[in-house]
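Participant: This is the structure, below, for whatever I ask next.
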Amino acid sequence: MSADKYFLDTNILVYSFDSGEPAKLSRSQQLIHEGLKNGRAVISYQVAQEFTSVARKKFAAALTFEDLEAYWRTTLYPLLLVHSSFPLFERALDVCRREKLSWYDSLVIAAAIQGACKVLYSEDFQHGRRFGDLVIANPFIEP
């Protein structure tokens, strides 16, 4: 893996808790751990919010408030480098218009670009698709 920054979509964080998908669990945890260790992983406020919602409502065993507070402190907050802003919304609107993506997908793309990431790890976008210098990579596809 190069020294470039990479963006983690919500599904990466969610899979890091999914024991029903051992390969995805392991790969997600690896991306998060490496990103925390080397400072190259990035998430946005939207991703942190979506993860929190899923962790409280859709996990087989919902995370407690205490568990969420600890996860925010140790993982989400250190990765949270892209906050909501007018320039982010402008870029997302442009992505939405040009690429015909949903608003929330456009916000993820715009946040990855704003975070100066070269790679966006997600299984929700077309693997290999490019948005300027940003490339989508599904980390669960075998090389």
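The values are calculated or read from the model by the stated rules, or taken from the named source; none is laboratory data. All figures in this text were calculated on a predicted structure; none of them were measured in a lab. As a convention, Cβ positions derive from the backbone with ideal geometry for all residues, glycine included, and neighbour counts pool all protein chains shown.
Participant: Filtering region 23-54 down to residues that are outside any helix (DSSP H, G or I) and not aliphatic (A, V, I, L, M), which residue is farthest from Tyr71 (Cα to Cα)? Can you show your working first?
Facilitator: Our first condition is that a residue be outside any helix (DSSP H, G or I); within region 23-54, this holds for 39-44.
Those left that are additionally not aliphatic (A, V, I, L, M): 39-40, 44.
Values: Gly39: 17, Arg40: 18, Ser44: 15 Å.
Result: Arg40.
Participant: Right, another one. Filter region 125-138 for residues that are within 13 Å of the chain's Cα centre (by Cα) and surrounded by fewer than 13 Cβ atoms within 10 Å (Cβ to Cβ) and give the result. Talk me through it step by step, then tell me what you get.
Facilitator: The first filter runs over region 125-138 and keeps only residues within 13 Å of the chain's Cα centre (by Cα), leaving 125, 136-138.
If the condition is that a residue be within 13 Å of the chain's Cα centre (by Cα) and surrounded by fewer than 13 Cβ atoms within 10 Å (Cβ to Cβ), then no residue fits.
Participant: A follow-up question, please. Can you pull out every residue in region 103-120 that is closer than 10 Å to Phe131 by Cβ and outside any helix (DSSP H, G or I)?
Facilitator: Answer for region 103-120, where residues must be closer than 10 Å to Phe131 by Cβ and outside any helix (DSSP H, G or I): just Leu120.
Participant: Here is a follow-up. When only residues in region 55-65 that are assigned to a loop (DSSP other than H, G, I, E, B) and touching a helix residue (DSSP H, G or I) at 6+ places or on another chain (Cβ under 7 Å) count, which is surrounded by the fewest Cβ atoms within 10 Å (Cβ to Cβ)?
Facilitator: Ranking the qualifying residues of region 55-65, first place goes to Ala62.
Participant: Report, by residue number, each residue of region 74-85 that is within 14 Å of Ala41 (Cβ to Cβ) and not in a helix (DSSP H, G or I). Even if it seems obvious, please write down each step before you answer.
Facilitator: Step one: filter region 74-85 for residues within 14 Å of Ala41 (Cβ to Cβ), giving 74-82.
Residues satisfying the conditions are Leu80, Leu81, Val82.
Residues are listed down the side, and each one gets a yes or a no for (1) among the basic types (Lys, Arg); (2) at pLDDT below 95; (3) in contact with a strand residue (DSSP E or B) (Cβ under 8 Å, 6 or more places away or on another chain):
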position	(1), (2), (3)
Phe86	no, no, no
Phe89	no, no, no
Cys96	no, no, no
Leu107	no, no, yes
Gly115	no, no, yes
Tyr121	no, no, yes
Phe125	no, yes, yes
Leu134	no, no, yes
Pro139	no, no, yes
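Participant: A follow-up question, please. Determine which member of the set Leu80, Leu107 is in contact with a Phe, Trp or Tyr (Cβ under 9 Å, 6 or more places away or on another chain), in contact (Cβ under 8 Å) with a residue 24 or more places away in the chain and buried (at least 17 other Cβ atoms within 10 Å of the Cβ). Lay out the reasoning, then the answer.
Facilitator: Numbers: Leu80 fails: buried (at least 17 other Cβ atoms within 10 Å of the Cβ).
Step by step, each of Leu80, Leu107 is checked, and only Leu107 is in contact with a Phe, Trp or Tyr (Cβ under 9 Å, 6 or more places away or on another chain), in contact (Cβ under 8 Å) with a residue 24 or more places away in the chain and buried (at least 17 other Cβ atoms within 10 Å of the Cβ).
Participant: Please list, ordered by first then second residue, the pairs with beta carbon atoms under 6 Å, 6 or more apart or interchain, first in region 25-45 and at pLDDT 95 or above and surrounded by fewer than 17 Cβ atoms within 10 Å (Cβ to Cβ), second of a type in the set (A, V, I, L, M, F, W, C) and assigned to a helix (DSSP H, G or I).
Facilitator: Listed by first residue and then by second, the contacts come to nothing, as the list is empty.
Participant: Would you pick out the residues in region 122-143 that are part of a loop (DSSP other than H, G, I, E, B) and over 14 Å from Ser106 (Cβ atoms)? Full working, then the answer.
Facilitator: To start, the set of residues in region 122-143 that are part of a loop (DSSP other than H, G, I, E, B) comprises 122-129, 132-133, 138-143.
Result: Glu123, Gln126, His127, Gly128, Asp133, Asn138, Pro139, Phe140, Ile141, Glu142, Pro143.
Participant: Restricting to region 86-102, name every residue that is touching a residue at least 24 places away in the same chain (Cβ under 8 Å) and either part of a loop (DSSP other than H, G, I, E, B) or crowded, with 17+ Cβ neighbours inside 10 Å (or both).
Facilitator: Looking only at region 86-102, we keep the residues that are touching a residue at least 24 places away in the same chain (Cβ under 8 Å), and these are 87-88, 95, 99.
Listed by number, the residues that qualify are Leu88, Val95.
Participant: Taking region 1-19, which residues are more than 17 Å from Ser122 (Cβ to Cβ) and either in a helix (DSSP H, G or I) or in contact (Cβ under 8 Å) with a residue 24 or more places away in the chain (or both)?
Facilitator: Restricting attention to region 1-19, the residues satisfying the condition of being more than 17 Å from Ser122 (Cβ to Cβ) are 2-3, 19.
If the condition is that a residue be more than 17 Å from Ser122 (Cβ to Cβ) and either in a helix (DSSP H, G or I) or in contact (Cβ under 8 Å) with a residue 24 or more places away in the chain (or both), then Ser2, Ala3 are the ones that fit.
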